[in-house]
Amino acid sequence: MLDTIAAISSAVGEAGIGIVRLSGKEAINIANRVFKGVKNKELIQAENRKLNYGHIIDEEGRIIDEVLIVYMKAPYTYTREDVVEIYCHGGIIPVRKVLELLLRKGARLAEPGEFTKRAFLNGRLDLSQAEAVIDIIRAKTDKSFQVSMNQLEGNLSKKITELRDQVLNMIAHVEASIDFPEDDIEEITYEELENMAHRVIEGIKELLNTANSGKILRDGLNTVILGKPNVGKSSLLNALLRENRAIVTDIPGTTRDIIEEFISIDGIPLKIVDTAGIRETEDIVEKIGVDRAKESIELADLIIAVFDASRELTEEDYNIIDLIKGKKSIAIFNKTDLPNSYTMEDLRKLLGHIEIIEASIANGIGIDKLEEKIKEMFYSGSLELDSTVVVTNIRHKNQLEKALRNMESALEDIRANIPLDCIEVDLRDCWDNLGEISGDTISEDILDRIFNEFCIGK
């Protein structure tokens, strides 16, 4: 029998209300030992799913906090176990004291994600739906929230189930042909198998085509602002944020470390990284910042390289041009309100096919064009934002890629008229790999890894 677990389910810090949650067979009994309702009414006598007013009392009879408490009877709860939620005053001390008391009375501190893990183990959610819970919590834009809600509602699960059913149908026909060759069973033809394999492959590819954009929706587009000192990088960050986040001065080398901020451009979450100006320097602190800026280039999904039109191109600019070659980049031809020392055509010859946007960041010119270009680069024809099924999880993508390789291998064997028992091996591997997405076929250690990413109260 599973232990009764307890945890703080609200965010740590000052708030109007803090929530402590219990789940398990002893949840009602443990809560009953610490709750004193009005007119001394016990929680165990309370009506299911009705809020009750009272106090949490410790072993010496002292009042810990004034609370509302609700008892929810299994199986109609988040975990499909008996659940008790205690709504006390927000703040670190009240919720911690209530939790500590529950632990002394017999509950065990929940592990990260254990409430959601129990919801999965008890059949309330499949694994992809459980993973959507953490995506909802971490969603940074309306679009990423919408995609996560679609997954929680089971849209991805339905698609995976459809694909697995198609693969299972293939396995059933193959096994029947192998095991009962003498019986009056219509033997499946290689042509029929090939058609079935094509349908599965198309379905898997359809999901994989959403994975790149899905990753961006989930994790944000890792966007690095690059340039030599005093070209307008921090001004660009402030313009995108619509606030003065970074210090802007005429002194080169003001930004000495990485500054990270999240913004949303029409539903696209961007993790904007403002870097130290790329230049040779004897300043130890600034040098560390420059080294970190160069490291961030390798991890970037998008680089915004800023060039100063009012100053001649220098060796530092040429180094930046070399750094961004072959990477997904946008160039900003900045300070065009000042007399230009070179033209956009000069810069275009050096950058090749990289898009260049003419701008005067200090005057707010060019920011709209930059935002439009970012949207165009990452969503033009690649993803319908209202799509109900989008692959956002790297684990799901990996499993789909494995399943695709399995089915493509099976297709090659089908075309080569390889014996059916050999083809069945790839079909079963495909079925298993798809099952790992929904959790139908998955090991305990992978489950632990997945739920360890959750907060303790979820």
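The values are calculated or read from the model by the stated rules, or taken from the named source; none is laboratory data. As the structure is a computational prediction, the values presented were derived from the model and not from experiment. Don't worry about glycine lacking a Cβ; one is built from the backbone with ideal geometry, like all the others, and counts go over all protein chains shown.
The test for being in a strand (DSSP E or B), more than 19 Å from Ser264 (Cα to Cα) and either of a type in the set (A, V, I, L, M) or at pLDDT below 90 (or both) does not hold for Ile330. Picking from residues in region 395-445 that are of a type in the set (Ser, Thr, Tyr) and touching a helix residue (DSSP H, G or I) at 6+ places or on another chain (Cβ under 8 Å), the one that is modelled with the lowest pLDDT is Thr441. State which residue is farthest from Gln146 (Cα to Cα) when the search covers only region 208-222 and only residues that are hydrophobic (A, V, I, L, M, F, W, C) and part of a helix (DSSP H, G or I). By that ranking, first place goes to Leu208.
Rundown of residues vs (1) in a strand (DSSP E or B); (2) assigned by TED's automatic domain parsing to the domain that holds Asp432; (3) more than 30 Å from the chain's Cα centre (by Cα), yes/no style:
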position	(1), (2), (3)
Ile136	no, yes, no
Ser148	no, yes, no
Leu193	no, yes, yes
Glu206	no, yes, no
Val224	yes, no, no
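Checking every residue in region 360-368 against the condition of being acidic (Asp, Glu), under 20 Å from Ser234 (Cα atoms), at pLDDT below 90 and out of contact with any Ser or Thr (no Cβ under 7 Å at 6 or more places or on another chain) gives zero matches. Comparison of Arg279, Arg311 shows that the only residue that is more than 27 Å from Lys143 (Cβ to Cβ) and at pLDDT 70 or above is Arg311.
Among the residues of region 1-35, those that are within 19 Å of Glu66 (Cβ to Cβ), of a type in the set (Val, Ile, Thr) and under 26 Å from the mean Cα position of the chain (by Cα) comprise Ile8, Ile19, Val20.
Every condition in (1) surrounded by fewer than 14 Cβ atoms within 10 Å (Cβ to Cβ); (2) under 21 Å from Gly457 (Cα atoms) is met by Ala7 except one, and the failing one is (1). Note on region 65-82: among residues that are in contact with a strand residue (DSSP E or B) (Cβ under 6 Å, 6 or more places away or on another chain) and over 19 Å from Lys41 (Cα atoms), the one that is surrounded by the most Cβ atoms within 10 Å (Cβ to Cβ) is Thr79. In region 347-373, the residues that are surrounded by fewer than 16 Cβ atoms within 10 Å (Cβ to Cβ) form no Cβ pair under 9 Å with any partner that is modelled with pLDDT under 90 and of a type in the set (Phe, Trp, Tyr), whether six or more places apart or across chains. Count of region 122-139 residues, restricted to those that are closer than 16 Å to Val83 by Cβ and either touching a Gly at 6+ places or on another chain (Cβ under 9 Å) or of a type in the set (Lys, Arg) (or both), is 3. Among the conditions (1) in contact with a helix residue (DSSP H, G or I) (Cβ under 9 Å, 6 or more places away or on another chain); (2) at pLDDT below 95; (3) within 22 Å of Ile437 (Cα to Cα), Arg118 misses just one, which is (1). The set of residues in region 299-322 being crowded, with 16+ Cβ neighbours inside 10 Å, assigned to a helix (DSSP H, G or I) and in contact with a helix residue (DSSP H, G or I) (Cβ under 9 Å, 6 or more places away or on another chain) consists of Asp317, Ile321.
Filtered by the rule that a residue be in contact with a Leu (Cβ under 8 Å, 6 or more places away or on another chain) and outside any loop (DSSP other than H, G, I, E, B), region 55-85 gives Ile56, Ile64, Leu68, Ile69, Val70, Tyr71, Val83, Val84, Glu85. Residues in region 379-392 that are within 10 Å of Ser213 (Cβ to Cβ), at pLDDT 70 or above and surrounded by fewer than 20 Cβ atoms within 10 Å (Cβ to Cβ): none.
Among residues of region 429-450 that are over 18 Å from Glu114 (Cα atoms), those with a beta-carbon under 6 Å from a residue that is of a type in the set (Gly, Ala, Ser) and in a helix (DSSP H, G or I) at least six positions away or on a different chain give the pairs Cys430/Ala403; Asn433/Ala403; Leu434/Ala403; Ile437/Ser128; Thr441/Gly435.
Check whether at least one residue in region 21-38 is among the β-branched types (Val, Ile, Thr), surrounded by fewer than 13 Cβ atoms within 10 Å (Cβ to Cβ) and either touching an Asp or Glu at 6+ places or on another chain (Cβ under 6 Å) or in a helix (DSSP H, G or I) (or both), and report yes or no. Yes: one or more hits.
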